[in-house]
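Scroll down for the structure; my scribbles are underneath it.
The values are calculated or read from the model by the stated rules, or taken from the named source; none is laboratory data. Bear in mind the structure is a predicted one, so any value in this text is a computation, not a measurement. With ideal geometry, Cβ positions are generated from the backbone for all residues, glycine too; neighbour counts draw on all protein chains shown. These accessible areas exclude ligands, DNA and RNA; they are computed on the full protein's heavy atoms, side chains included. Shrake-Rupley method; radii C 1.70, N 1.55, O 1.52, S 1.80 Å.
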Amino acid sequence: MILLVSGVFLLGSGLHALERCYREGEWVIVLRNVAYGDGLAMFIISAMIVMGACLIVSSVRQLQR
């Protein structure tokens, strides 16, 4: 259950960051007062989305057993 909640949080955070970067037109993400731009920001956002989705899928499969 904890994995499901953390997966939803990661997926939601990644999608929120993706939407914010898309609306502003700049690929900049700030984590702990450090700004990451362009390719690294895209990698961080995509990693958050993929990891969140994987956690959701694996926890749902585990809960169905």
Subject >> Residue among Glu19, Glu26 that is charged (D, E, K, R) and not in a helix (DSSP H, G or I) >> reply: Glu26
**OP:** Please work out if Val50 is over 13 Å from the mean Cα position of the chain (by Cα) and assigned to a helix (DSSP H, G or I).
**Re:** no
**OP:** Mind listing whichever residues of region 17-40 are touching a residue at least 24 places away in the same chain (Cβ under 8 Å) and touching a Phe, Trp or Tyr at 6+ places or on another chain (Cβ under 6 Å)?
**Re:** Cys21
**OP:** For residues that are farther than 23 Å from Cys54 by Cβ and open to solvent by less than 90 Å² (accessible area, probe 1.4 Å), tally how many sit in region 17-26.
**Re:** 1
Original post:
Has region 7-16 got at least one residue that is assigned to a helix (DSSP H, G or I) and either surrounded by fewer than 12 Cβ atoms within 10 Å (Cβ to Cβ) or touching a residue at least 60 places away in the same chain (Cβ under 8 Å) (or both)?
Top reply: no
**OP:** Using the structure shown, decide if Gly39 is within 13 Å of the chain's Cα centre (by Cα), part of a helix (DSSP H, G or I) and not β-branched (Val, Ile, Thr).
**Re:** no
